[in-house]
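One structure is given here, and the rest of the page talks about it.
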Amino acid sequence: MWTSYVKKYVEKTPGSKRLYERAARLIPGGISHNIRFYPPYPLYTVKAKGSRLWDVDGNVYTDYWMAHMVLILGHSPEPVLEFVRNQVENGTHLGTVNPYAVELAEAIIRNVPCAEMVRIGCSGTEATMYAVRLARAYTGRRVVVKAEGGWHGGNPILHKAVSPPYGKPESLGILEEEQKYTRVMPVNDIEGTEEVLKECRRDLACVIVEPVLGGGCIPLDRDYLVYLREVCDEYGAVLIFDEVITGFRLGLSGGQGFYRVTPDMATFGKIIGGGFPIGAVAGRADLLKLADPTSGKPKWERCWTGGGTFSGNPISTGAGLATIRFLEKHADEVYGKINKLGEMARTGIDKALEGLKGLKAKTTGVGSLLLTHFLKEGEDVRSSRDRLKTDQETQVNFYLALMNYGIFFLPGHTGSISYAHSEEDIKMLIEAVEKIAEDTS
């Protein structure tokens, strides 16, 4: 059955096939971001507006990937376009400080509970790297504890236990010594996490965790996050929330506001750039001030952060500022709508897939985030270990099948709903799932 969907995909996307064949001769794997490949070849797109995405063959899709969950207002929203059109005429990158970066920092501090100061960079990977460095600088300790299955970008310290098998290295070229002080904890498992943290408590610099695990779209329990807050206080360690996904997604105050747990620092990206590259570290002033190059302290008494050519550039910071200002002005309307549509989608997909032969479907997520899993055993996916018990091949095939109905998710990865989506879009999604379920029964 899945073979017929693959055949239809190939028939309707000949332009993408030709482009991928060209790309594979020029670029390793044919892609410049590993997760963008899926078999038989990825979709090549050229245009997007609102909730719609156009490929090179003229096919139109309702988009639930939304540029890596970045576009909370939809593709090309007018508040962002208005700013960008004007700024492009006045300089794309000035290479100096600019007012938009200041105003973006103010907007983050205004909304995010932990944010007393902000440092803006170019990517989430950069932000998590610097957050860990700041935590080590502040505590004078070495050990960093991250979640099993947690992705915090490609920096060597944190690029560990991201994908199964978790005990094997994630990459050639990362030295064992670079991860000598990195430990891994099982999420939503207080007892298992306690064992890890107790063992390294005297040298524990920080714990870093996503409030919603991006790999698998797995919300963490509030009780688990409260435990992490309490144990970090007890051990004198820094608690870092990686809010690259959840920041301004679960609400203006992000995951920490949604869960009512305040970390010491948080990292941001995606939404705060309004569709352009960005990253940021926000947190307590006593932590962030360690990065102050004007402190008069010698370099060995400061924590070096920043330095990217495009750090704080006017396009990224201004587009992010335009996005946040719109969210602030229309918060109830935006979050009320996308969260309602998220719940409608998750419930509707699972209902449509009831009675699936040999597999139980479970769509995880919270708010406007969602990902459908196909369980070979168990009733839910609450950790990366639970995800190992799912049929990930069926998951990829399911999302490829949806493309044949004009619906785009990046197969196997968290989807997101934007303000540009409508109830009609969600109904169309559920109807497509029902048709796929019929074909598999």
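The values are calculated or read from the model by the stated rules, or taken from the named source; none is laboratory data. Note that the structure is a prediction, hence the values are computed from the model and not measured. Cβ sites come from the backbone with ideal geometry, for glycine too, and all protein chains shown count toward neighbours.
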Completion exercise
Residues in region 43-79 that are within 14 Å of Ser368 (Cβ to Cβ), in contact with a strand residue (DSSP E or B) (Cβ under 9 Å, 6 or more places away or on another chain) and assigned to a loop (DSSP other than H, G, I, E, B) total 7
Fill in the blank from the handout: With criteria (1) assigned to a helix (DSSP H, G or I); (2) under 22 Å from Ile430 (Cα atoms), Arg18 comes up short on (2)
Exercise for the section: State all residues of region 171-220 that are over 19 Å from the mean Cα position of the chain (by Cα), charged (D, E, K, R) and not in a helix (DSSP H, G or I); if no residue qualifies, say none. Expected result: Lys180, Arg183, Asp189
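Just for region 291-331: of the residues that are crowded, with 18+ Cβ neighbours inside 10 Å and small (Gly, Ala, Ser), which one is farthest from Arg249 (Cα to Cα)? Steps first, answer last, please.
Taking region 291-331 first, the residues crowded, with 18+ Cβ neighbours inside 10 Å are 291, 303, 305, 311-324, 326-327.
With small (Gly, Ala, Ser) added as a condition, the list becomes 291, 311-312, 316, 318-320, 322.
Working: Ala291: 28, Ser311: 22, Gly312: 21, Ser316: 18, Gly318: 18, Ala319: 16, Gly320: 13, Ala322: 15 Å.
So, considering only residues that are crowded, with 18+ Cβ neighbours inside 10 Å and small (Gly, Ala, Ser), the one farthest from Arg249 (Cα to Cα) is Ala291.
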Handout entry: Flag for Leu375 being without any contact (Cβ under 8 Å) to a residue 60 or more places away in the chain and of a type in the set (A, V, I, L, M, F, W, C)
Key = yes
Fill in the blank from the handout: By residue number, the members of region 80-104 that are within 17 Å of Ser311 (Cβ to Cβ) and part of a helix (DSSP H, G or I) are Gln87, Pro99, Tyr100, Ala101, Val102, Glu103, Leu104
Exercise for the section: For residues that are modelled with pLDDT of 95 or more and touching a strand residue (DSSP E or B) at 6+ places or on another chain (Cβ under 9 Å), scanning just region 427-441, find the one that is nearest to Gly275 (Cα to Cα). Expected result: Leu429
Practice task
Evaluate region 58-65: report whether one residue or more is aromatic (Phe, Trp, Tyr) and in the same structural domain as Ile157 (by TED's automatic domain parsing).
Solution key: no
Practice task
For residues that are without any contact (Cβ under 8 Å) to a residue 40 or more places away in the chain and of a type in the set (Gly, Ala, Ser), tally how many sit in region 341-371.
Solution key: 2
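Do we have Thr309 as over 19 Å from the mean Cα position of the chain (by Cα) and under 19 Å from Thr128 (Cβ atoms) here?
On the way: over 19 Å from the mean Cα position of the chain (by Cα): yes; under 19 Å from Thr128 (Cβ atoms): no.
Judged against the criteria, Thr309 is not a match.
Filter region 23-49 down to residues that are touching a residue at least 40 places away in the same chain (Cβ under 8 Å) and within 20 Å of the chain's Cα centre (by Cα) and give me whichever is farthest from Val80 (Cα to Cα). Give the steps one after another, and end with the answer.
Step one: list which residues in region 23-49 are touching a residue at least 40 places away in the same chain (Cβ under 8 Å), which gives 35-36, 38-39, 43.
Narrowing the set further to residues that are within 20 Å of the chain's Cα centre (by Cα) leaves 35-36, 38.
Details: Ile35: 27, Arg36: 25, Tyr38: 31 Å.
Ranking the qualifying residues of region 23-49, first place goes to Tyr38.
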Fill in the blank from the handout: Selection from region 158-217 of residues over 21 Å from Met129 (Cα atoms), small (Gly, Ala, Ser) and surrounded by 22 or more Cβ atoms within 10 Å (Cβ to Cβ) yields Gly216
Problem - Qualifying positions in region 363-387 - in a loop (DSSP other than H, G, I, E, B), under 24 Å from Lys160 (Cα atoms) and of a type outside the set (A, V, I, L, M) - result: Gly365, Arg382, Ser383
Practice task
Examine region 220-228 for a residue that is touching a residue at least 40 places away in the same chain (Cβ under 8 Å), assigned by TED's automatic domain parsing to the domain that holds Tyr130, surrounded by 22 or more Cβ atoms within 10 Å (Cβ to Cβ) and within 30 Å of Val334 (Cβ to Cβ), and state whether such a residue exists.
Solution key: no
Practice task
Would you be able to tell me the number of residues in region 120-145 that are under 26 Å from Val70 (Cβ atoms) and among the β-branched types (Val, Ile, Thr)?
Solution key: 4
Completion exercise
Contact list, first residue from region 175-194 and of a type in the set (D, E, K, R), second anywhere and modelled with pLDDT under 95 and not in a loop (DSSP other than H, G, I, E, B), beta-carbon distance below 9 Å, six or more apart or interchain, is Asp189/Arg385
Problem - Given (1) surrounded by fewer than 19 Cβ atoms within 10 Å (Cβ to Cβ); (2) touching a Gly at 6+ places or on another chain (Cβ under 6 Å), number of the condition Arg110 does not satisfy - result: (2)
Practice task
Name the residue, out of Gly150, Gly154, that is part of a loop (DSSP other than H, G, I, E, B) and either at pLDDT 95 or above or of a type in the set (Val, Ile, Thr) (or both).
Solution key: Gly150
